[in-house]
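For reference, the structure is listed below as structure tokens.
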Amino acid sequence: MMDQVVKTAELAAIFSNELRLLIIAKLLENPLIVNDIVEQTGKPQAVISKQLGILKNAGIIKCCPDGRCRKYSLTDSAIIKTILDSMENLKSKIASIANADGQEGV
């Protein structure tokens with residue numbers, strides 16, 4: 001049981017980084033090489049490569065040779081989309097609760 005809790009917390013940490021979420025969103029659209037991700041995010045190549053490594057080690061993305069480059073894609077787009085949709089639903093519920101309590105922006 002505790003192992004599962006730890007693994008779930010580690011997965012949640014993966015999805016807590018804005019840049020990783022942006023990369024995942026880009027890869028939901030289509031597989032990309034590093035240079036495409038760098039261009040679309042405006043972040044340095046070293047930063048993107050580090051985040052891709054984290055996502056790959058977590059099993060969220062995979063890479064395949066594409067000529068002299070490596071093309072990155074999601075391991076399971078349907079599961080990732082479900083996780084992202086669930087996070088968005090949770091964010092909306094928290095905002096609704098905060099608004100009902102008279103608090104601004106969450």
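All of the numbers you see were taken from the coordinates with simple rules; none came from a lab. If you're wondering where the values come from, they're calculated on a predicted model, not measured in any experiment. So basically every Cβ, Gly included, is an ideal-geometry build from the backbone, and we count neighbours across all protein chains shown.
A compact table of results
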| item | result |
| --- | --- |
| Residue pairs meeting the criteria (Cβ under 9 Å; at least 6 apart or on separate chains; first surrounded by 11 or more Cβ atoms within 10 Å (Cβ to Cβ), in the range 1-17; second not aromatic (F, W, Y) and not in a helix (DSSP H, G or I)) | L11/A58; L11/I60; I14/A58; I14/I60; F15/I60 |
| Among residues of the range 59-106, those that are in contact (Cβ under 8 Å) with a residue 24 or more places away in the chain and touching a helix residue (DSSP H, G or I) at 6+ places or on another chain (Cβ under 8 Å), counted | 11 |
| Members of the range 30-56 found to be within 16 Å of T75 (Cβ to Cβ) and part of a helix (DSSP H, G or I), listed by number | Q51, L52, G53, I54, L55, K56 |
| Scan of the range 34-57 for residues that are among the polar types (S, T, N, Q), closer than 22 Å to L11 by Cα and surrounded by fewer than 16 Cβ atoms within 10 Å (Cβ to Cβ), ordered by number | S49, N57 |
| Only listed residue being over 29 Å from I54 (Cα atoms) and surrounded by 11 or more Cβ atoms within 10 Å (Cβ to Cβ), chosen from I97, I83, I79 | I97 |
| Of all residues making up the range 61-92, the number that are part of a helix (DSSP H, G or I) and of a type outside the set (G, A, S) | 12 |
